[in-house]
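J.: Encoded as structure tokens, here's the structure I'll be asking about.
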Amino acid sequence: MGRKNEKSKDRKAAREEEARMANHHWKKVEKANEVADPLESFVSFKTFKKNDLNLKLSCVRRADMSDELIQWVFDLTKNNMETMYTETWGWNDKSKRREINDERMWFMLAKDENDKAVAFSSFRFDIDYSEPVVYCYEIQLEKSVQRNGLGKFMMQVLQLFAIKFRMHKVVVTVLECNDTSMEFFTKKLKYVCDPSTPVDECYSILCKTVPRKKASTEEEQLEE
């Protein structure tokens with residue numbers, strides 16, 4: 001009976017610790033989503049000047065996006081990705097619009113000197129397989145600004161968000177047939193295959209873990 005009681009206690013303790021950590025991680029996500037502008041602290045990353053590009057970056061919630069901007073996000077994604085989607089898991093307008101219009105979605109926008117949007121990244125602070133993450137749903141650039149380092153720059157900003165808000169990593173889904181994106185993430189950005197990547201599917205889940213600072217006593221007390 002003694003051993004059985006010990007095992008039962010161990011299982012209970014493990015469940016309680018798992019629940020405690022889940023609550024701890026959700027509080028991190030909630031805290032990140034309460035911020036008015038994740039980009040506010042990163043002043044030097046609000047502009048991108050390179051190869052004749054002079055762009056301004058901003059970060060807004062879905063609720064603060066105009067209908068015109070949302071339509072541009074959808075159109076750019078469709079123009080860039082529909083063919084690849086059709087060849088793999090299929091393109092569906094309604095499904096993509098539903099994803100874009102999710103109230104939890106954030107958008108990082110890059111605009112030119114005429115206030116015209118030329119690139120975006122849609123992302124969420126979320127829990128993925130029990131870990132707090134920055135999940136990048138899309139990063140899409142107009143052809144006129146591609147291959148100038150802008151995409152790398154924007155992904156670096158997402159990494160900064162993950163560090164600031166104490167997420168564990170940045171996560172992105174990439175189609176196996178998208179050689180350009182695969183090279184971009186794995187070669188240029190040093191992303192690796194995430195343990196959650198399914199077997200024998202048309203896509204991979206890639207991730208990049210970020211340095212994590214130990215929370216101060218005050219932070220730990222606030223999160224409990």
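The values are calculated or read from the model by the stated rules, or taken from the named source; none is laboratory data. From a predicted model like this one, the values you see are computed outputs, not experimental measurements. For neighbour counting, all protein chains shown are included, and Cβ atoms are generated from backbone atoms with ideal geometry for every residue, glycine included. Heavy atoms of the whole protein, side chains included, go into the accessibility calculation; ligands, DNA and RNA do not. Shrake-Rupley method; radii C 1.70, N 1.55, O 1.52, S 1.80 Å.
J.: Looking at Val174, Val145, which is the one that is modelled with pLDDT of 95 or more and in contact with a helix residue (DSSP H, G or I) (Cβ under 6 Å, 6 or more places away or on another chain)?
T.: The unique qualifying residue is Val174.
J.: OK, next. Is there a residue in region 168-182 that is of a type in the set (D, E, K, R) and loosely packed, with under 15 Cβ neighbours inside 10 Å?
T.: Scanning region 168-182 turns up at least one residue that is of a type in the set (D, E, K, R) and loosely packed, with under 15 Cβ neighbours inside 10 Å.
J.: Further question: Can you name the number of the only condition in (1) farther than 26 Å from Val35 by Cα; (2) assigned to a helix (DSSP H, G or I); (3) touching a strand residue (DSSP E or B) at 6+ places or on another chain (Cβ under 8 Å) that Phe184 fails?
T.: Result: Phe184 fails condition (3) only.
J.: For residues in region 59-87 being over 22 Å from Met155 (Cβ atoms) and hydroxyl-bearing (Ser, Thr, Tyr), which is surrounded by the most Cβ atoms within 10 Å (Cβ to Cβ)?
T.: It comes out as Thr83.
J.: Go through region 65-80 and report how many residues are in contact (Cβ under 8 Å) with a residue 12 or more places away in the chain and small (Gly, Ala, Ser).
T.: Residues meeting the conditions: 0.
J.: Pairs please, first residue from region 29-41 and within 18 Å of Val157 (Cβ to Cβ) and without any contact (Cβ under 8 Å) to a residue 40 or more places away in the chain, second anywhere and buried (at least 16 other Cβ atoms within 10 Å of the Cβ) and of a type outside the set (Lys, Arg), Cβ atoms under 7 Å, 6+ apart in sequence or on different chains.
T.: Listed pairs, sorted by first residue: Asp37/Cys59.
J.: In this structure, is Val210 surrounded by 14 or more Cβ atoms within 10 Å (Cβ to Cβ) and more than 20 Å from Glu82 (Cα to Cα)?
T.: yes
J.: I need the full set of residues from region 103-124 which are under 14 Å from the mean Cα position of the chain (by Cα) and open to solvent by 10 Å² or more (accessible area, probe 1.4 Å), in order please.
T.: Within region 103-124, Arg104, Arg124 meet the criteria.
J.: Can I ask one more? Taking region 159-172 as the region of interest, how many residues are part of a helix (DSSP H, G or I), over 16 Å from Thr186 (Cα atoms) and touching a strand residue (DSSP E or B) at 6+ places or on another chain (Cβ under 6 Å)?
T.: Residues meeting the conditions: 2.
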